[in-house]
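First the structure, in the form of structure tokens, and then the observations on it.
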Amino acid sequence: MKSSIEKRENQTQGYKIQVFNNNIIDDFIQRFEEEINARPSVALLFEELWALNQPFVFKQYQRILSSPYIDSDWVNQMLVRNLANQRLNEVVNAEVERISKNLDYMQETLNKYDANLQEYEKIAKREGKTANRKKVLDQCRTEKYRTTALTSYGINIPSHVNTYRDLDLTAEALNRQTQMGSEWSSYDLANRRARLQGLPEPYTKKQWIWTNRGETTRHKSNDGQTVDFYDYFKIINDKTGRVDMMLYPHDPNASYENSWICYCQMRAF
């Protein structure tokens, strides 16, 4: 039941971020040939995404204070707030980078090719709020290069640098990292509190749990791996063979292939 609720929360947040990304792309493309620069500043993107992500991130870390092992005093509240702010900053920076690269891709494409922008608007409306905007643009652009580029920006960018990506999967992965990070922090704070009081730590071990959810089985061989709580799991990607040392599933310090498209969980005891 818990995993189903978390999955819905991740999908809902991913949907919101995808719609945010697509609205920016639509506005940028529709005003591309106007004199007004429709590209938002990085600072504005950061501010708006901060407000969009804050409720979700703070909700995850607020759960720490609800733990029976944690006192809700001002010290713990400050610790939780600092952890939440740090994680929120990481999430927003990752999303700003992705949206900026998506804008780079769209700008490069519009600089190179003629496109029917009125047709783009109709297709985008028909396909819906979360449809991939690269595919929409591809449907209404020609294969003819512009005789003169509107600007010189982006013309010589190698194609592999700014590949376009949907934001929903990115947002979901970041949300799973947030959930597991806050869960690990709750166990850690409980252990710290016990040590300060001269009591045994309530969590001395942790176990990797493969949930068999999603479209990937890359971590099946790691199911049941148990280590001391502050040790690292040695996680192998069954598909690529990549090995990472991870504090918990979705640990953002691990490689992309082991920390992102993953539905694993952890049990502490």
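Please treat every number below as a calculation from the coordinates, not as lab data. None of these values were measured; they are calculated from a predicted model. Note that we place each Cβ from the backbone using ideal geometry, even for glycine, and neighbour counts take in every protein chain shown.
Counting only alpha carbon atoms, the long axis of helix 2-30 and the longest principal axis of the chain meet at about 20°. For the peptides 178-187, 260-269, the ranking by packing is 178-187, 260-269, with the highest mean count of neighbouring Cβ atoms within 10 Å listed first. Extension gain for Tyr230-Ala38 works out to 64.3 nm (0.36 nm per residue, less the C-alpha to C-alpha distance).
The Cα-based radius of gyration and maximum Cα-Cα distance (Dmax) for segment 204-269 are 10.7, 32 Å.
Neighbours of Tyr105, meaning other residues whose beta-carbon lies under 10 angstrom from its beta-carbon, give a summed charge of +2 when Lys and Arg score +1 and Asp and Glu score -1. Per-residue ellipticity at 222 nm from helix content only, as computed over the chain with -39500 (n - 2.57) for each DSSP H run of at least four residues, stands at -18500 deg cm²/dmol. Counting beta carbons within 10 Å around each of Glu33, Glu172, Glu108 and listing the fewest first gives the order Glu33, Glu108, Glu172.
Helix 42-65 and the longest principal axis of the Cα set of the chain meet at an angle near 20°.
Computed from these coordinates, which is P(r) over Cα pairs in 10 Å bins from 0, in percent: (1) 6, 29, 34, 21, 8, 2, 0; (2) 6, 25, 28, 21, 13, 6, 1, 0; (3) 7, 26, 28, 16, 8, 5, 5, 3, 2, 1, 0? Among (1) 6, 29, 34, 21, 8, 2, 0; (2) 6, 25, 28, 21, 13, 6, 1, 0; (3) 7, 26, 28, 16, 8, 5, 5, 3, 2, 1, 0, the one derived from this structure is (2). For the chain, the longest principal axis of the alpha carbon atoms and the long axis of helix 74-112 meet at an angle near 20°. Which net charge results for the neighbourhood of Gln60, defined as the other residues with beta-carbon distances under 10 angstrom from its beta-carbon, given Lys and Arg at +1 and Asp and Glu at -1? That works out to 0.
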